[in-house]
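Just below is one structure, and these are the notes that go with it.
The values are calculated or read from the model by the stated rules, or taken from the named source; none is laboratory data. The model shown is predicted, which means the values in this text are computed figures rather than measured ones. Cβ atoms come from the backbone with ideal geometry, glycine included; neighbour counts cover every protein chain shown. For accessibility, only protein heavy atoms count, side chains too; no ligands or nucleic acids. Shrake-Rupley method; radii C 1.70, N 1.55, O 1.52, S 1.80 Å.
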Amino acid sequence: MFLKGYFFLISGPSGVGKGTVINALKKHHPVFVFPLSHTTRPRRPGEKDGEVYHFISKKVFEAEIARGNFLEWAQVHGKDYYGTLKKPILEALEAGKTVIREVDVQGFHSISRAIPKKNLVTIFLKAESMEKLIARIAKRGKLPPEELKRRLESAQKELKQANFFDYQVWSLENKIPECVKEVENIILEQCRCRGLPISY
C-alpha cells in the first residue's frame with residue numbers, strides 16, 4: 001500500500017469544538033476530503049443522512065465490522081457505534097489527497113495502528129477546564145443524567161491521552177476562530193511541505 005496523501009485526525013473530548021473546526025475547514029478548503037462516519041445513534045432534530053453522518057442500523061454496522069470494512073470503529077459512551085469505512089479513505093490517500101477526519105480517542109489509536117506514521121498527523125483540541133467543558137455540553141440541549149455522566153467520564157479519560165498526539169491546540173470559549181486558525185495553519189504547513197494542493 002503506497003499512500004501519497006496526508007491523513008489529519010482531529011480529536012478531543014465531547015463539547016470541545018471538533019465539529020465547529022471541521023465545518024470551518026470544509027468552507028475554506030473544499031479541495032480536502034472529509035469522509036463521513038457511520039453511526040447507529042438516533043438522528044437529532046434537523047439532522048439528515050449524509051450531511052454529518054451516515055445513519056445505519058446496529059445489524060448493518062455489525063455486518064460491516066464482520067467483513068473488516070471499517071478503518072476504525074468504537075462503541076462510544078458505552079452505547080452507540082461509530083465507525084469510519086476504510087475504502088474511501090485509502091483511495092483518497094493513494095491519490096495524493098488531504099483527508100481530514102474528526103475522531104474520538106479510541107478511533108485515534110485504531111487509525112494510528114492502521115495508517116503509516118509518515119502519512120498521519122494528529123491534533124488534539126483542549127478546553128480550559130472540565131467546568132467549561134461541562135457548560136459547553138450542557139448548551140447543546142438537555143441530556144439525560146446518565147448520558148451526561150457517560151460523556152464526562154469519557155472526557156476525563158480522553159484528556160489524559162493528549163500527549164499521544166502530534167499537536168495540542170487550545171479550544172477556548174469565545175475564541176473558536178483562533179482555534180480554527182491554528183489548526184488550519186498546522187494543516188497548510190504540512191501540505192506545503194509535502195507539495196499537496198491546498199486549493200483548486
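Here are a few things to note about the model shown:
- Close amide H contacts of Phe70 (hydrogens built in the peptide plane, cut-off under 5 Å, sequence separation of 5 or more or a different chain): Lys86.
- Probing with 1.4 Å while keeping every protein chain in the model, the per residue accessible area of the chain equals 54 Å².
- Cα-Cα pairs of the range 65-104 separated by more than 11 Å (percent): 68 percent
- Low-density loop cleavage sites - chymotrypsin sites (Phe, Trp or Tyr not before Pro) in the range 1-70, where at most 15 other Cβ are within 10 Å (DSSP): Phe2
- GNM top mover of Pro88, Pro35, Pro144 - the chain, alpha-carbon springs below 10 Å: Pro144
- Carbon/sulfur fraction of accessible area - the range 29-129, other protein chains in place, 1.4 Å, %: 52 percent
- Separation of the Lys87 and Glu178 label points, Cα + 7 Å toward Cβ, nm: 4.5 nm
- Highest mean first, the peptides 176-183, 24-31 sorted by other C-beta atoms within 10 Å per residue fall in the order 176-183, 24-31.
- Cross-link check: pairs Lys4/Lys27; Lys27/Lys97; Lys26/Lys181; Lys118/Lys181; Lys27/Lys87 evaluated at a Cα-Cα cut-off of 20 Å; pairs beyond the cut-off: Lys4/Lys27; Lys118/Lys181; Lys27/Lys87.
- Distance from the alpha carbon centroid of the range 50-88 to that of the range 1-39 works out to 17 angstrom.
- Hypothetical label at Ala135: residues of the range 165-200 whose amide nitrogen lies under 16 Å (7 Å Cα-Cβ projection): 171-176
- Label of the coordinate-derived value, Rg and Dmax of the Cα atoms in Å, listed as (1) 23.1, 74; (2) 16.5, 48; (3) 16.5, 55: (2)
- Estimated dipole of the range 47-137 in Debye, rounded to 20 [Cβ of Lys and Arg +1, of Asp and Glu -1, Cα centre]: 280 debye
- Taking a straight Cα-Cα cut-off under 22 Å and skipping sequence neighbours fewer than 8 places away in the same chain, the lysines within cross-link reach of Lys149 are Lys18, Lys79, Lys126, Lys132, Lys139, Lys157, Lys160.
- Extension gain for the segment Ala162 to Lys48, taken as residue separation times 0.36 nm less the Cα-Cα distance, is 37.9 nm to one decimal.
- The helix-based estimate of mean residue ellipticity at 222 nm for the chain, built from -39,500 (n - 2.57) per DSSP H run of four or more residues and divided by its residue count, is -13000 deg cm²/dmol to the nearest 500.
- Highest to lowest packing among 38-49, 111-122, scored as the average C-beta count within 10 Å: 111-122, 38-49
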